[in-house]
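Since every read-out is calculated from the coordinates, none of them should be taken as a lab result. Keep in mind the model is a prediction, meaning the values are calculated, not measured. Note that each Cβ is placed from the backbone with ideal geometry, even for glycine, and that neighbours are counted across all protein chains shown.
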Amino acid sequence: MAGESTNAVEIRDLNVTFATDGGDVHAVRGVSLDVRPGEVLAIVGESGSGKTVTARTILGLLGPTAVTDGAVVVSGTDVVELDASGLRRLRGEKAAMIFQEPSMALNPVFSVGWQLAEGLRAHGRISKAEAKAKAVAMLRRVGIPEPERRVNDYPHQFSGGQKQRIVIAMALAMQPAVIIADEPTTALDVTVQAEILALLRQLRDEEGTAIVLITHNMGVVADLADRVAVMLHGEVVETAPVADIFAAPQHEYTRRLLDAVPRLEAADRPPLPEDTPAPLVVAKDLIIEYPGRFGRRSTFRAVHEVSFSIAPGEVLGLVGESGSGKSTIGRAIAGLTPVAGGSLQVLGTEMLGVKEREFRLKRRDIGFVFQDPATSFNPLLTIADNVAEPLIVHGQAKRPGDARGKVDELLEAVQLPAAFGDRYPHELSGGQRQRASLARALALDPKLLIADEPTSALDVSVQARVLELFIELQERFGFATLFISHDLAVVDMLADRIGVLHRGRLVEEGTGAEVLGAPKDPYTQRLLASLPVPDPVEQARRREEWAALSG
Amino acid sequence: MAGSRLLGRLPVVHQLRQAVGLQRGMLVAGLALTGVFLVLATLAPVLAPYGYSQLSDESGNFGAQQAPSAEHWLGTTVGGYDVLSRVIWGARTALLVIIVAVLLSVFVGILLGLVSGYLGGWVDRVLVVVADAIYAFPTLLLAIVAAIAISGGQSGLWSGVFAAAISITVVFIPQYFRVVRAEVVRVKAEAFIESAKVIGASTPRIMFRHVLRNSTRTLPVIVTLNAAEAVLTLAALGFLGLGIEPTSAAEWGFDLNKSISDVAAGIWWTAVPPGIAIVLAVLGITLIGESLNDLADPRLRARRRGKGTPADAVAQSEPVAREELGEVQ
């Protein structure tokens, strides 16, 4: 045994195989990694690269279908050899985990104090009062205000960022040698992400806990990591200190991964000609409400008096955090959500109180690309049938077979081989599906395309290709676009004009250079400052700026 | 190759290939029992030594309550029928009732569930209340009421089969309705339904092309479990004297009823064979249903353990991701 080793975690020749319906899947192949005490090791890679599986073996958290061999030594103990009770002792005391979705990692029917105490009581005799006192101390440690009062609150009474802080407190409870953080900020808004990253950095500095950070966000890596391991198809292709990875990536794949990361440039685009024809969409003091459960009293107002317009051929980017109302606006334009007040003109139709029957004819001029390509196709129809659906509905073809010529053309336009038309949606990768989704949205040659977070479910290199394709198609077909995204860098790549939404209000609107280059609204400034950039040196400088802005 | 792929997509065949271990054993046992049941039902005229209502042959009357012998392997009943023949012919009656009952309840239940779940509103509320009200009745009571209302309690083969099937249907429709409605409500919220709406598809088109087929995944399991329950309900109706006349068709429940007095007299052969027939038929169908249920759920499904670490497993299982990433390895 490597008992005398000084590393917090040592992984040697790790192989993990999963038994699945389609035969064995070799998810991790011969991986060797070290994590030193007080070090943040970031494991980056795309979905399916084995980064989560590798990290989960440190806690022995793989399911019964996994076969593991090799050695995973956590402060002197080989995890692979451990039985169930040994693993239970290891978890919490030597290694702990922070999950991606904090609202799912907490049990909704117990108070957070009880859940924190649960972990303490599982590892040794400790009285109820002591456990509670310790829970309060832990909550204070991770920056929850008024911990004495809030320790008895239930998870739903905390915000997403606070929940993640509580999950971190739980992980820290037994002062483990290493914490596995599996995409700890992916489910959080960018301003909250910056706070959580600051907390993790502070804890690492003060407690000396090693952190294994799993992420696909290169900005987060640049912000927090000391060393980076790049994984591809279950193998580690490159391991290097964070500065070297960004400055001089050795492996071809690392280079491609970094190139694919969208960067904020705030570039100015040539303005559209002044004498543009009548805009396609005009919103004036638009109000959208979600009715509450009990009558009008609890009505939730998602969009407050927002005004904007989209000219033909123009790309309007809408950015904002979750709950800012950006998707709601997109859905209202597509007629999926009713308008409560103000005015919204879409292709000449007033959407306030519109009847579905009147609007149905206009739908041929509107394409919609959904966020999750995995669920936006009918899983029982082939891709060709799915793409042909708008053509059939609007009477341009009688049966899917008749539309096949046009479908093949569309698939070619989005750079998918025509043969993919015969496949079912689940047989395509995420990026391919999203391209097919674009093909469907463009089937009727629409004047307006609404893209609701079209790339946020995709890996970064796939995202880059989909965005490139999008730009090319937009130039070729000249449709106007409402592009909704939480990612400023993505919107910056595409949009002629950018609107920033905050809590249902449009706080700033203008060209990319105006909004991103010289933001006037304090919220936009904060949003920009909390965005981690994929460059460790630059990010360190921005971190200070952010601290000044928020402190 | 294409033929075997098509075969592999059929329900049951697909699951049989997928199953391993105990789950496979359950499924195979269920399929074997059900297979025997189906063979008996379809080939009853060939397999049964006598007709179901035959009381005599060339050598005269069979006689009542005769012990098993070379002529009558399982003896004769109090009414003078051959027990073995009645058991075999009984399978045919049971199968007819299952088919009619399941077909009726599946069609009505799915249609109501689809309309109720997709349209919602007051239609939905009324249908759910009616379904709940039907649930409140003991199923057998409901079946008895239906049987009396339909046929006055006694009848011939087809009217008897339909009376039994419809009484069972009344009990089953709420089950299909509930399951399909729940699935429809779930599927209705999926993005591909929204994308169909955005395209401008009409409501019937969305319901039948996009929602319907995505909402029927769990039906094979319920169909098999209900088929087993149909056999039991039919036998119970027959046992209570609401079944089919012995001259119209053989029916296990009716035979059990007539053998009650025999049991006290030490005559076992009139009661045991129809009883075993009911048990095995129900067991066979239930085993299929339960193992389909387990196999449908990836968390319950057992898999073959991986042996060693074949390097090409990755290449086989993730071709799409590779394509996406290009040539870099």
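Numbers for the structure displayed
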| quantity | calculated |
| --- | --- |
| Charge dipole (the protein assembly as shown, unit charges on Cβ, about Cα centre) - positive-most of B:81, B:34, A:351 | B:81 |
| Amide hydrogen neighbours beyond the local backbone of residue B:74, cut-off 5 Å, H modeled | B:69, B:83, B:84 |
| Label point distance in nm, residue A:358-residue A:104, each placed 7 Å from Cα along Cα→Cβ | 4.3 nm |
| Region A:175-187 - phi-based ³J(HN,Hα) in whole Hz, Karplus 6.51/-1.76/1.60, Gly and Pro as x | 6, x, 6, 9, 10, 9, 10, 8, 6, x, 10, 5, 7 |
| Residue among A:27, A:313, B:140 farthest towards the positive dipole end of the protein assembly as shown, charges placed on Cβ | B:140 |
| Spatially proximal lysines relative to residue A:326 (Cα-Cα < 17 Å; intrachain offsets below 8 disregarded) | A:284 |
| Neighbouring partner chain Cβ atoms per residue of A:389-399, average, 10 Å criterion | 3 |
| Vicinal HN-Hα couplings computed from phi for region A:225-239 (Karplus, 6.51 cos²θ - 1.76 cosθ + 1.60; Hz; Gly/Pro x) | 6, 9, 10, 10, 10, 9, 10, 9, 6, x, 10, 7, 8, 7, 10 |
| Residues residue A:503 and residue A:468, FRET efficiency given R0 of 41 Å [Cβ-Cβ distance, rounded to 0.05] | 0.80 |
| Estimated D of region A:24-180 in µm² per second, where Rh is the Kirkwood radius over Cα pairs and Stokes-Einstein applies at 10 °C, 1.306 mPa s | 94 µm²/s |
| Overall form of region A:151-211 per C-alpha gyration tensor (a/c, 1.5; a/b vs b/c) | oblate |
| Likely footprinting exposure, B:244, A:471, A:287, A:333, fewest C-beta neighbours within 10 Å first | A:471, A:287, A:333, B:244 |
| Rg to Rh, two decimals, where region A:42-103 supplies the alpha carbon set and Rh follows Kirkwood | 0.96 |
| Partners for residue A:398 among aspartates and glutamates (Cα-Cα distance below 19 Å; same-chain residues under 8 apart left out) | A:385, A:389, A:408, A:409, A:422, A:445 |
| Simple Cβ-charge dipole of region B:146-242, Lys/Arg +1 and Asp/Glu -1, about Cα centre, in debye nearest 20 | 420 debye |
| Residue-span extension gain [residue A:365 to residue A:80] - 0.36 nm each, minus C-alpha spacing | 96.8 nm |
| Residues A:170, B:26, sorted so that the one with the fewest Cβ neighbours within 10 Å comes first | B:26, A:170 |
| For residues of B:187-195, the mean tally of beta carbons on other chains within 10 Å | 6 |
| Debye log10 I(q)/I(0) for region B:160-202, one point scatterer per Cα, at q = 0.19 Å⁻¹ | -0.66 |
| Averaged over A:23-32, number of beta-carbon atoms from partner chains that fall within 10 Å | 5 |
| Inverse of mean 1/r across different Cα pairs in region B:168-239, Kirkwood, Å | 14.0 Å |
| Translational diffusion coefficient (Stokes-Einstein; Kirkwood radius from C-alpha pairs) of the protein assembly as shown at 4 °C, 1.567 mPa s, in µm²/s | 41 µm²/s |
| Ranked packing of B:227-240, A:59-72, most packed first, by mean Cβ within 10 Å | B:227-240, A:59-72 |
| Assigned charges on the beta-carbon of Lys, Arg, Asp, Glu; the protein assembly as shown dipole about Cα centre (debye) | 2060 debye |
| Residue-averaged 222 nm ellipticity for the protein assembly as shown, from DSSP H runs of 4+ at -39500 (n - 2.57), nearest 500 | -14500 deg cm²/dmol |
| Cα-only radius of gyration and Dmax that characterise region B:93-195, units Å | 15.9, 54 |
| Rg/Rh for region A:306-427, where both radii come from Cα atoms and Rh is the Kirkwood radius | 1.01 |
| Radius, Kirkwood style, for region A:392-551 when every pair of distinct Cα atoms is counted (Å) | 18.1 Å |
| Shape of region B:158-289, Cα gyration tensor, a/c cut at 1.5 | prolate |
| Spread of Cα-to-Cα distances over 10 Å intervals beginning at zero, given as percent, for region B:5-129 | 11, 22, 23, 20, 15, 7, 1 |
| Peptides A:221-231, A:118-128, A:458-468 ordered by average Cβ neighbours within 10 Å, highest first | A:221-231, A:458-468, A:118-128 |
| Estimated inter-spin distance, residue A:250 and residue A:415, nm [label 7 Å along Cα→Cβ] | 3.0 nm |
| Translational diffusion coefficient (Stokes-Einstein; Kirkwood radius from C-alpha pairs) of region A:458-551 at 10 °C, 1.306 mPa s, in µm²/s | 107 µm²/s |
| Likely footprinting exposure, A:191, B:93, fewest C-beta neighbours within 10 Å first | A:191, B:93 |
| Calculated SAXS-style log₁₀ I(q)/I(0) at q = 0.20, 0.22, 0.27, 0.32 Å⁻¹ - region B:73-114, Debye, Cα scatterers | -0.66, -0.72, -0.85, -0.96 |
| Efficiency of FRET between residue A:202 and residue B:189 - r from beta-carbon atoms, R0 41 angstrom, step 0.05 | 0.50 |
| Where the Cα pairs of region A:89-167 fall when distances are cut into 5 Å bins, in % | 3, 17, 26, 27, 19, 7, 1 |
| Gyration tensor (alpha-carbon) shape descriptor, region A:179-238, a/c threshold 1.5 | oblate |
| Simple label model, 7 Å out from Cα along Cβ direction - residue A:301 to residue A:525, nm | 2.7 nm |
| Using a Förster distance of 51 Å, the FRET efficiency for residue A:175-residue A:445 (Cβ separation, nearest 0.05) | 0.25 |
| Farthest positive-ward along region A:101-165 dipole, Cα basis, beta-carbon charges - from A:111, A:142, A:158 | A:142 |
